[in-house]
Amino acid sequence: MESCSANWPETATRSRNSAGLRTADIARATGYSVQQIRNLERDGVLPPVARTPSGYRVYGEAHLWAVRAYRALAAGVGPVEAKRILREARERGPSRLFALLDHAHAELDRERRDLAFAREAARAIAGEPLDDIRPADDMSISELSRALGIRPSTLRHWDAEGLVVPQRAEGATRRYLPGDVRIARLVHQLRLAGYGISALRELIPSLRGAHGWDEIGRALAARDAGLDARSAALFEAGAALYMLLRTERGRRLRVRRC
């Protein structure tokens, strides 16, 4: 009997229950357009598709599960990575697929841990008082970059994007007041938690107000919800991939009996 680690076959799958499906049938069943299904075939995401003597595509059950798996994977890891996972699984077999799925789950776990750390750090930073400010508390760009463990060019980029805008001393030298330093620390933690520049640009004005932590808390909660949705998508992808593997294995066994 063939092992589960054998490569996926390079022939179109046609099950007894779902043989003879058209492109429109696959599109309707998965919520994609006909052109999107053809694009997935072109990109090597689907198993090879058979054609009738007149040139019409003939899909089977495996193609249906492959498209469903791709749709869920795209929601969990993004479309580029989803295509890579399915292509490598088809070329290198189920063992490679399992390794790639393990990595995807591990990355989500890392993002969750980073988010938890960022939440605690941001809560502490947002709660720090800014009383008794002295000129000596100001920091230069090199001092602040060392304190945060980032490059000065990163602070310059944040300045250009309007995230952390320092004061300008004589000679246009950047000087970060304690309030600027706190914003920089918050931005740093939120960047570590996966927040993009555009999302932070919308959040920054609220961070300077009296209810800054409330806004941060809502932003982090939204990030949590996004991670939950991606985890659920990976579970859905796993179910579709299991059915895809089972369909392919059943086809191989039927071919061997013949």
Check your understanding: If you check residue 198 against the conditions, is it in a helix (DSSP H, G or I), out of contact with any helix residue (DSSP H, G or I) (no Cβ under 9 Å at 6 or more places or on another chain), open to solvent by 60 Å² or more (accessible area, probe 1.4 Å) and without any contact (Cβ under 8 Å) to a residue 12 or more places away in the chain?
Key -> yes
Check your understanding: Counting only residues that are closer than 11 Å to residue 181 by Cα and either touching a residue at least 40 places away in the same chain (Cβ under 8 Å) or part of a strand (DSSP E or B) (or both), which one in region 141-163 is most open to solvent (accessible area, probe 1.4 Å)?
Key -> 148
Review point. Which residues, taken from region 62-85, are surrounded by 15 or more Cβ atoms within 10 Å (Cβ to Cβ), within 13 Å of residue 234 (Cα to Cα) and either in contact with a helix residue (DSSP H, G or I) (Cβ under 7 Å, 6 or more places away or on another chain) or among the small types (Gly, Ala, Ser) (or both)?
Key: 68, 69, 70, 71, 72, 73, 74, 75, 76, 77, 82, 85
Study note, to complete from the structure: So, first residue in a loop (DSSP other than H, G, I, E, B) in region 172-186, second residue modelled with pLDDT under 85, Cβ within less than 8 Å, six or more apart or across chains; the pairs are 177/133; 177/137
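The values are calculated or read from the model by the stated rules, or taken from the named source; none is laboratory data. As the structure is a computational prediction, the values presented were derived from the model and not from experiment. All Cβ positions, even for glycine, are placed from backbone atoms using ideal geometry, and neighbour counts span all protein chains on display. With ligands, DNA and RNA removed, areas are computed over all heavy atoms of the protein, side chains included. Shrake-Rupley method; radii C 1.70, N 1.55, O 1.52, S 1.80 Å.
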